[in-house]
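Data block below; observations after.
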Amino acid sequence: MVLRRIFPAMYTAKDSEPANSKNGTLYLLRCVFFMGVRKPPKRYFLAYCLWSFALNLCSTFYQPIGFMTGYVIHLSEFSPGEFLTSLQVAFNAWSCSTKVLIVWYLVNRFDDANEILDEMDKRITQDSERKRIHEACSLSNRIFFFFMSVYMMYATNTFLSAIFIGRPPYQNYYPFLDWRSSKWHLALQAGLEYFAMCGACFQDVCVDCYPVNYILVLRAHMQIFAERLRQLGSDPHESEEERYEKLVQCIQDHKTILRFCDSLRPVISGTIFVQFLVVGLVLGFTLINIVMFANLGSAIAALSFMSAVLLETTPFCILCNYLTEDCNQLADALFESNWIDYSKRYKNALRHFLHNLQQPITFMAMNVFTISVGTNISVTKFSFSVFTLVKQMNIAEKLSKTEEEVENLY
């Protein structure tokens, strides 16, 4: 199968193959490299620097400015639907650029996390354990390509629907370009906007999907760790010292898991906080556009955009809830192990360990929001508040009347 040869890490490896948890982030980190935020390789130093400059100039730095400048200069020429299509993307573009800068500053945290995954893999010895890791890695990579498909589908749908009506997708401002003057200028501006948006979507996939990729692999390790805890003290041929050494090793395993979470916590905190700030507003504008102004083509593009926005926070928030449940299962597994008849030293160590296991692993968005499904629902509900406000103030009707008046003048 051709796809399997090109993307082998998308498929589950054989149980006999060694566990390699880094495979779960293989394609993610390759795309992070192509974002131009890594240290340039010596062999392709100039090419990488030029690519990084072109992509980040268009997508990270200029695109948000282009949106705002376009509004200032050509606001009266926007139809309500075009304005909302551009506005919903503008807010997301600003948030995407901010998240890219956060990842750029903390990109070495991904390498630290992968090194810790290598430590965890050393404890994987059985075929059943290797199978869980392989399944988590393949699922992680498939989710990454699903994110990429949804995001790129939005960019392409918006581009095609805009070209069909003879306008650039977002009407950004580009010096020396007036898309109204000729078809050549229209094609050039549409191409530039499409390139910038594809670059932004490419970046957005990386900065939105990395928490999912890493936490999926972590959950597989935690499930294996739970089984390891449950088996403590079950071997009747072990000496007291051997049992105690196994307990100490499990304590070290738990510390490794916590170090893994700590290595990713600053990146996750910053990027999810930025997304929580804008998700409700962006979804509100998208709903208004779909219900009140969009034709079929722009409605399909807006629905693709809405799907992409929901993917930015929802899957990871769900995983955070599962992670809390996994922590509870670790404590239950240790309590269910065979410990009642063992020495006081063993029981004291187990008691302290059990207390630490009962502290759930949580991620915070800049110490303001707990990242969870409840928080995600709360910020998403704000979109309905935005929609209701616009409906009650009759802003949509006023925009439609203004558009009709402008058309009557001509």
Requested in this report: Determine the pairs where a residue that is closer than 10 Å to residue 190 by Cα, located within region 153-171, has a partner that is charged (D, E, K, R) with Cβ atoms under 6 Å apart, the partner being 6 or more residues away or on another chain.
Outcome: 168/193; 169/193; 170/193
Query - Identity of the residue in region 218-239, among the small types (Gly, Ala, Ser) and not in a helix (DSSP H, G or I), that ends up farthest from residue 125 (Cα to Cα) - result: 239
Report summary line: Of 250, 209, 198, the only residue that is under 22 Å from residue 353 (Cβ atoms) and either in contact with a His (Cβ under 7 Å, 6 or more places away or on another chain) or buried (at least 17 other Cβ atoms within 10 Å of the Cβ) (or both) is 250
Query raised in the report: Which one of the conditions (1) of a type outside the set (Ser, Thr, Tyr); (2) within 28 Å of residue 60 (Cβ to Cβ); (3) at pLDDT below 90; (4) touching a helix residue (DSSP H, G or I) at 6+ places or on another chain (Cβ under 7 Å) does residue 232 fail to meet, given that it meets all the rest?
Result: (2)
Query raised in the report: What's the number of the condition residue 157 fails, among (1) surrounded by 22 or more Cβ atoms within 10 Å (Cβ to Cβ); (2) under 30 Å from residue 68 (Cα atoms)?
Result: (1)
Requested in this report: Within region 1-23, track down each residue that is aliphatic (A, V, I, L, M) and either part of a helix (DSSP H, G or I) or under 21 Å from residue 123 (Cα atoms) (or both).
Outcome: 2, 3, 6, 9, 10, 13, 19
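Matching residues to (1) more than 25 Å from the chain's Cα centre (by Cα); (2) in a helix (DSSP H, G or I):
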{"residue": "116", "(1), (2)": "no, yes"}
{"residue": "119", "(1), (2)": "no, yes"}
{"residue": "128", "(1), (2)": "yes, yes"}
{"residue": "131", "(1), (2)": "yes, yes"}
{"residue": "144", "(1), (2)": "no, yes"}
{"residue": "153", "(1), (2)": "no, yes"}
{"residue": "156", "(1), (2)": "no, yes"}
{"residue": "163", "(1), (2)": "yes, yes"}
{"residue": "171", "(1), (2)": "yes, no"}
Query raised in the report: Restricting the first residue to region 181-207 and requiring it to be more than 10 Å from residue 151 (Cβ to Cβ) and touching a residue at least 40 places away in the same chain (Cβ under 8 Å), which pairs with a second residue that is buried (at least 18 other Cβ atoms within 10 Å of the Cβ) and among the small types (Gly, Ala, Ser) meet a Cβ separation below 6 Å and a spacing of at least six or different chains?
Result: 196/59; 199/59
Query raised in the report: Right, residue 69: out of contact with any helix residue (DSSP H, G or I) (no Cβ under 8 Å at 6 or more places or on another chain) and either closer than 25 Å to residue 198 by Cβ or modelled with pLDDT of 85 or more (or both) or not?
Result: yes
Query raised in the report: For region 4-38, how many residues are charged (D, E, K, R) and more than 23 Å from residue 208 (Cα to Cα)?
Result: 5
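In a helix (DSSP H, G or I) and loosely packed, with under 14 Cβ neighbours inside 10 Å: is that true of residue 242 in this structure?
Yes; evaluated as a whole, the condition is true for this residue.
Could you pull out the residue among 274, 282 that is at pLDDT below 80 and crowded, with 19+ Cβ neighbours inside 10 Å?
Step by step, each of 274, 282 is checked, and only 282 is at pLDDT below 80 and crowded, with 19+ Cβ neighbours inside 10 Å.
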Report summary line: Scanning region 166-188 residue by residue, those among the polar types (S, T, N, Q) and either crowded, with 17+ Cβ neighbours inside 10 Å or under 22 Å from residue 299 (Cα atoms) (or both) turn out to be 171, 172
Query raised in the report: Between a first residue in region 8-21 that is exposed (fewer than 15 other Cβ atoms within 10 Å of the Cβ) and a second residue that is part of a loop (DSSP other than H, G, I, E, B) and of a type in the set (A, V, I, L, M, F, W, C), which pairs have beta carbons less than 9 Å apart while being 6 or more apart in sequence or on different chains?
Result: 11/1; 18/124
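The values are calculated or read from the model by the stated rules, or taken from the named source; none is laboratory data. Quantities reported herein were computed from a predicted structural model and do not represent experimental measurements. For neighbour counting, all protein chains shown are included, and Cβ atoms are generated from backbone atoms with ideal geometry for every residue, glycine included.
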